[in-house]
Amino acid sequence: MSQIFRFLLGGGWWTLWYILFYLFTGAVNVAWFEELLQMTKKGESGPGAGAAYIGLICLSGLPVLFFSVIHLILGMRQATDSRAFLAGFSVLFMLVILVWMFVGTAGIAGATYPGFILYYLGFALITFINLVLLWIARHEMSLLSILSL
């Protein structure tokens, strides 16, 4: 259990990095989850949906994109995988983030339940990959071997 907490919280200056990552991304999504779920269940869209769209893009999507770019840079510097694999993975990961950021958020703004599910499943996947990239940067491991577990 202590290894899980050490993985989640890091150590040294990494602890601050993890706290910032969780604060910017997780807190926004957790705080709005119930309200967005109720809006989606009722099928409500309109001015509130536009505000939710802009809010999720600015307070969740952009910080995730920023931290992901930083984590990719750190991961590419430390990973033991080939540069071609890492470049391909980086392009694919950025595309996934952009699709998640705009399509998932538009699904929530349009009050579609599949969009809501896509947004939160995508958020969990992106968060996991960011944690893996940070783990790689700390331990100089292989991204491919970790993602294949």
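Laid out as a table, the results:
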{"quantity": "Sequence of Ser145, Ser90 from largest to smallest accessible area, 1.4 Å probe", "calculated": "Ser145, Ser90"}
{"quantity": "For Val99, solvent-accessible area (1.4 Å; no DNA, RNA or ligand), Å²", "calculated": "80 Å²"}
{"quantity": "Helical contribution to [θ] at 222 nm, DSSP H n ≥ 4, -39,500 (n - 2.57), averaged over the chain, rounded to 500", "calculated": "-24000 deg cm²/dmol"}
{"quantity": "All-pairs Cα distance distribution in region 53-97, expressed in whole percent, bin size 10 Å", "calculated": "26, 47, 20, 7"}
{"quantity": "Binned Cα-Cα distances of the chain, short to long, each 10 Å bin given as a whole percent", "calculated": "11, 39, 30, 16, 4"}
{"quantity": "Rounded percent of accessible protein surface that carbon and sulfur make up, region 41-92, 1.4 Å probe", "calculated": "72 percent"}
{"quantity": "GNM flexibility winner over the chain from Phe93, Phe128, Phe24 (Cα, springs under 10 Å)", "calculated": "Phe128"}
{"quantity": "Pairwise FRET efficiency - Thr80 versus Glu34, Cβ, R0 = 25 Å, nearest 0.05", "calculated": "0.05"}
{"quantity": "Accessible area expressed per residue, the chain, with surrounding protein chains retained (probe 1.4 Å, Å²)", "calculated": "53 Å²"}
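The values are calculated or read from the model by the stated rules, or taken from the named source; none is laboratory data. The structure displayed is predicted, hence computed values, not measured ones. Quick reminder, even Gly has a Cβ in these numbers, built from the backbone with ideal geometry, and neighbours come from all protein chains shown. Heavy atoms of the whole protein, side chains included, go into the accessibility calculation; ligands, DNA and RNA do not. Shrake-Rupley method; radii C 1.70, N 1.55, O 1.52, S 1.80 Å.
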